[in-house]
Amino acid sequence: MFRTKTVEQSIQDTEDPEFALKKSLSALDLTVFGVGVIIGTGIFVLTGKVAAQTAGPATALAFVVAGVVCGLAALCYAEFASTVPVAGSAYTFSYASLGELPAWIIGWDLVLELALGCAVVAVGWSGYIRSLLDTAGFHLPAGLSGTHGGQFGFDLPACLLVLVLTGVLVVGMKLSSRVTNVIVAVKVTVVLIVILVGAFLITGANYKPFIPPAQATEGGGGLSAPLIQLMAGFTPSNFGIMGIFTGAAVVFFAFIGFDIVATAAEETKNPQRDVPRGILGSLFICTILYVAVSVVVTGMQRYNKLTVDAPLADAFKAVGHPFWAGLISFGAAVGLTSVCMILLLGQTRVFFAMSRDGLLPRVFSRVHPKFGTPYRSTILLGSIVAAVAGFTSIDELAELVNIGTLFAFIVVAIGILILRKKRPDLPRSFRTPLVPFVPILSVLASLWLMFNLPAETWLRFAIWMVVGFVVYALYGRGHSRLGKSG
């Protein structure tokens, strides 16, 4: 169960024409993918929520803290992705360092994380589209607008979005990257408009105090309480210095996605050079944009008056600029399209890598003879995600995306330490600096954020992991190509 697949074996598997992905991406494509998936709900929604409820104008510092946590993980991802340029991201890295069972578990975790993430974003996108349609005087029937307030319904826009994006991914990565380039250009333009126009609407008094006085919060009870509260009696506080760190645990959602860049390593022309650039470049750009937006929006409107649902658009309305507010709402709807597509892309590549290794049925790892994409796994997963997005109200499951990502960060950081010790001879075009300190810091920082998540999230995560163990025992272990070759 802990047999490892060598880096050389992993790279050799990518050369089989029947199971080889087409190489068509550059460093710019990867950076755009990263920016495309990171900038989404976080910048358009979480900025106001954290400012109003947790950190005040110091929300900018919360974004910096979350960016540093992700930066530590990104340095580890960059080394692995340049050393093992194979589809699968953390799954492939774990197979090369920790062994087959840990690799299966992390792959199983990533499939859940990315599927739920894609479905959640599709439902959010549907909300923006329905709002824009309502403004235009066209109203979708309640039965086709999703499940709301306990009333069952089918979310037609969310389902159609996932199906269309599935078709784009089947046709090819280059088309996917072109679509993403256009979407990201629109999205970044809207964000820059927020920063540039909003900078002229700032009132200095809104920044005082920059770090509001701390307020004790009443922790929840039972499974809804953060795990650290149940373990140690610690309860987080709002505002003050600790409010910045509490806010960082929330805005971490806004950074999820840079690791998706690593899943496209096999489809990159020069992965050793371009994948680290794509990972670190996209994370750096988004951190700068996040900090700038949070500084501007808390300067435009008093932090305790910011709305939670649409803080950027409502801030412009509050200062008498409804045109810019409408433009921001449009940018948010367009932006979520790329987030949804890239999450679906990442999920299909992890599934493809697991299938190619025999841990899932090999039929899903055959690539399309013309498009060079894993079309069977893409169609299967796209259909499942479309159904989940259409039939389910999954707000409470969004935290599973968070815990799954943090778990992957921990595994990758540990994998760096193990592979450095086991295979010091491997050519590494990018090396994580200050090993072992950076990987250890990454593990500790990720664990801290995980402990701040509700206990019920840990319980759901544990149930999914147990199901994964059962599937591996019944199928994966006996069909593993590595096991058969050994």
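Observations on the structure shown:
- Of all residues in region 279-289, none are touching a strand residue (DSSP E or B) at 6+ places or on another chain (Cβ under 9 Å), within 29 Å of ALA353 (Cα to Cα) and polar (S, T, N, Q).
Per-residue answers, yes or no, for (1) part of a helix (DSSP H, G or I); (2) β-branched (Val, Ile, Thr); (3) touching a residue at least 12 places away in the same chain (Cβ under 8 Å):
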{"position": "PHE323", "(1), (2), (3)": "yes, no, no"}
{"position": "ALA332", "(1), (2), (3)": "yes, no, yes"}
{"position": "GLY335", "(1), (2), (3)": "yes, no, yes"}
{"position": "ILE342", "(1), (2), (3)": "yes, yes, yes"}
{"position": "LEU345", "(1), (2), (3)": "yes, no, yes"}
{"position": "MET354", "(1), (2), (3)": "yes, no, yes"}
{"position": "GLY372", "(1), (2), (3)": "no, no, yes"}
{"position": "PHE407", "(1), (2), (3)": "yes, no, yes"}
{"position": "ILE414", "(1), (2), (3)": "yes, yes, yes"}
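- Checking each residue in region 234-278 for being of a type in the set (Phe, Trp, Tyr) and free of Cβ contacts under 8 Å to residues at least 40 places away in the same chain picks out only PHE234.
- Residue match in region 297-305 (condition: under 24 Å from VAL186 (Cβ atoms) and modelled with pLDDT of 80 or more): yes
- Residue in region 347-369 that is closer than 19 Å to VAL186 by Cα and buried (at least 24 other Cβ atoms within 10 Å of the Cβ) present: no
- Counting only residues that are in contact (Cβ under 8 Å) with a residue 40 or more places away in the chain, out of contact with any strand residue (DSSP E or B) (no Cβ under 9 Å at 6 or more places or on another chain) and assigned to a loop (DSSP other than H, G, I, E, B), region 433-469 holds 1 of them.
- Breaking point among (1) farther than 19 Å from ILE279 by Cβ; (2) crowded, with 24+ Cβ neighbours inside 10 Å; (3) under 20 Å from the mean Cα position of the chain (by Cα); (4) modelled with pLDDT of 85 or more, for VAL65: (2)
- Residue match in region 381-399 (condition: among the aromatic types (Phe, Trp, Tyr), at negative phi and assigned to a helix (DSSP H, G or I)): yes
- Filtering region 226-253 to residues that are in contact with a strand residue (DSSP E or B) (Cβ under 8 Å, 6 or more places away or on another chain), at pLDDT below 75 and within 13 Å of VAL50 (Cα to Cα) leaves only SER237.
- Top-ranked residue of region 1-22 - restricted to ones that are surrounded by 20 or more Cβ atoms within 10 Å (Cβ to Cβ) and assigned to a loop (DSSP other than H, G, I, E, B), ranked as modelled with the lowest pLDDT: LEU21
- ALA445 vs. criteria buried (at least 16 other Cβ atoms within 10 Å of the Cβ), of a type in the set (Gly, Ala, Ser) and farther than 25 Å from ILE416 by Cα: no
The values are calculated or read from the model by the stated rules, or taken from the named source; none is laboratory data. Remember, it's a predicted structure, so these values are computed and weren't measured experimentally. As a convention, Cβ positions derive from the backbone with ideal geometry for all residues, glycine included, and neighbour counts pool all protein chains shown.
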